[in-house]
1. Stretch Ala270-Val282 to full length: gain in nm at 0.36 nm per residue minus the Cα-Cα span?
2. If you count the DSSP beta bridges with both ends in the chain, what percent of them are antiparallel, to the nearest 5?
3. When ranked by the protection proxy of mean other Cβ atoms within 10 Å per residue, highest first, what sequence do the peptides 24-34, 171-181 form?
4. Ranking request for peptides 100-113, 38-51: highest mean number of other beta-carbon atoms within 10 Å first, then the rest in descending order.
5. Hey, got the dipole for the range 236-308? About the Cα centre, +1 on K and R Cβ, -1 on D and E Cβ, debye to the nearest 20?
6. Just the number please: accessible area per residue for the range 190-316, 1.4 Å probe, all protein chains included, in Å².
7. Give me the distance between the Cα centres of the range 236-279 and the range 98-138, rounded to whole Å.
8. Among Arg241, Arg283, Arg199, which one moves the most in a GNM of the chain with springs linking Cα atoms closer than 10 Å?
Amino acid sequence: MPNSPLSILVTGGAGYIGSHTVRLLVSQGHRVVVLDNLVYGHRQAIVDESVRLVVGDVGDQALVRSLFKEHSFDAVVHFAAFAYVGESVTNPLKYYENNTSEPIRLLAIMQEFGCRCFVFSSTCATYGVPVALPITEANPQQPINPYGQSKLMVEKILADCAVAWGLRSACLRYFNASGGSEDGLIGEDHDPETHLIPRVLMALTGEIEHVDLFGTDYETPDGTCIRDYIHVDDLAEAHLRALEHLASGGESISCNLGTGVGVSVKEIIAAAEEVTGLKVPVRIASRREGDPPSLVADPSLAATLLGWRARHLDVREMVRPAWRWISSQHGGRYSKNDL
Ligand code: UDP
């Protein structure tokens, strides 16, 4: 029954992609409880009063068990994770604990309560360096850093749980999440912020002096890296579809979430200049370690399985809400008194 209201636990629902998804789920009539430890999430990112925010860890089994008792969840949407690739290289155990061990403890509670629908935030980082472009789901999954490994392990665990106790899951492999809500109420606020689009815009507000352009000698048409930037509201829509697919008895799926459009770093800078009418201060820097030259999704499987396609294909549609958010009075930051 895809359209009947579901009771959903959203972990990491106060984070960037989670908070946009929570708003969409609520707008569709679903009942949402957010579990977020607010290490990177923000209390103010939960804007709907009907949403209960529980501050705590995904791996806290006593807490999660009490929530399952109280709310009898039909499904879990699991966003909570650390996502700094560089940090995952220097501190892998932090990533394996948070991104792999904690979900194992959550899955154990789901098994205990017979909750068998799980939507999982996976990543194109599970592919490592792609063997062919655009990247299809048939590309071997060979991550080149612990972050990607920590996510791939969960994908494998989900497949084993499917066999053992009938869990059905959707592994959604995101490409580069970007943009923000149209009404400007929520947006991207990472601390530290490492992503290209916000950093380009922060260089325009003066929050940083310039944006570093990591490498101009890649084997790409303009020498800079190519990525597939996907609007966060399009990601949210895919989660809704995946959830309804599983809730109506659909089989487990794994699919890419991208636009299929590759955009270079230089093209992002040009788009930002066009949207804002300002000149971006750029400093040419050396390559950032671990950056593959080009990562572009083949998004056709998600279209087949979920009837989902990205609505925003022009990167200016991602830059515009990001600029509205960052150039607003609050400077793209939720206030600090949110703990
Ligand atoms: N990038 C850059 N300067 C920055 C941040 C990123 O040139 O300050 C480049 C980076 O090398 C990559 C692309 O922009 O090619 C997207 O990087 P981001 O960190 O946003 O996402 P990733 O693809 O690493 O997940």
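1. This chain segment gains 3.2 nm when fully extended.
2. 5
3. 171-181, 24-34
4. Final packing ranking: 100-113, 38-51.
5. 360
6. 44
7. Computed from Cα coordinates, the inter-centre distance equals 18 Å.
8. Of the options given, Arg283 has the highest mean-square fluctuation.
The values are calculated or read from the model by the stated rules, or taken from the named source; none is laboratory data. Worth saying up front: this structure is predicted, and the values here are computed from it rather than measured. We place every Cβ from the backbone using ideal geometry, glycine too, and count neighbours over all the protein chains shown. In case anyone asks, the SASA skips ligands and DNA or RNA and just uses the protein heavy atoms, side chains included. Shrake-Rupley method; radii C 1.70, N 1.55, O 1.52, S 1.80 Å.
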